[in-house]
1. Answer with yes or no whether Ala70 is modelled with pLDDT of 85 or more and on the phi < 0 side of the Ramachandran plot.
2. I'd like the full set of residues that are closer than 30 Å to Tyr74 by Cα and polar (S, T, N, Q), limited to the stretch 12-64.
3. Mind checking which residues of the stretch 7-47 are open to solvent by 90 Å² or more (accessible area, probe 1.4 Å) and under 32 Å from the mean Cα position of the chain (by Cα)?
Amino acid sequence: MIATLIILILIVIFLAFFIGLNISNACTFWFFKTYENVPVVTLAFIAFAAGVIVALLIVLITKLKLPYSAGVEYDQKKAEKEEKLKDKKLRKEIKQMEAKNKKNRKAKDNVYAQSSSSDNTIITNSGE
């Protein structure tokens with residue numbers, strides 16, 4: 001949040017310097033008619049605004065031309081990718097659990113083997 005504010009302030013300062021240093025600069029501009037003594041700052045803002053408008057038009061036109069079926073296909077492919085990713089994660093978790101269970105079984109077998117070898121004492125009934 002603070003970084004965004006700092007960047008915005010820097011942009012405003014840059015624009016202020018740009019406008020202040022170029023306010024007296026003028027040029028001749030031709031757009032189906034010759035315009036003389038047009039400030040450079042004005043041309044820069046007009047060019048920026050024209051670029052924004054053209055970009056928005058291109059985005060809107062491509063969204064309108066996108067057929068409904070293409071959007072559905074995209075959603076289906078996206079769902080399939082998500083499902084594959086979930087399956088992959090599930091398989092990984094299963095492998096980890098199997099490895100853990102295998103280690104636990106080996107540990108239990110070792111404990112049983114040690115306990116059975118130490119319990120080799122003979123129990124006799126004294127016949128009381």
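The values are calculated or read from the model by the stated rules, or taken from the named source; none is laboratory data. Being a predicted model, the structure only gives us computed values, none of them experimental. These accessible areas exclude ligands, DNA and RNA; they are computed on the full protein's heavy atoms, side chains included. Shrake-Rupley method; radii C 1.70, N 1.55, O 1.52, S 1.80 Å.
1. Criteria not met by Ala70.
2. Thr62
3. Ile7, Leu8, Leu10, Phe14
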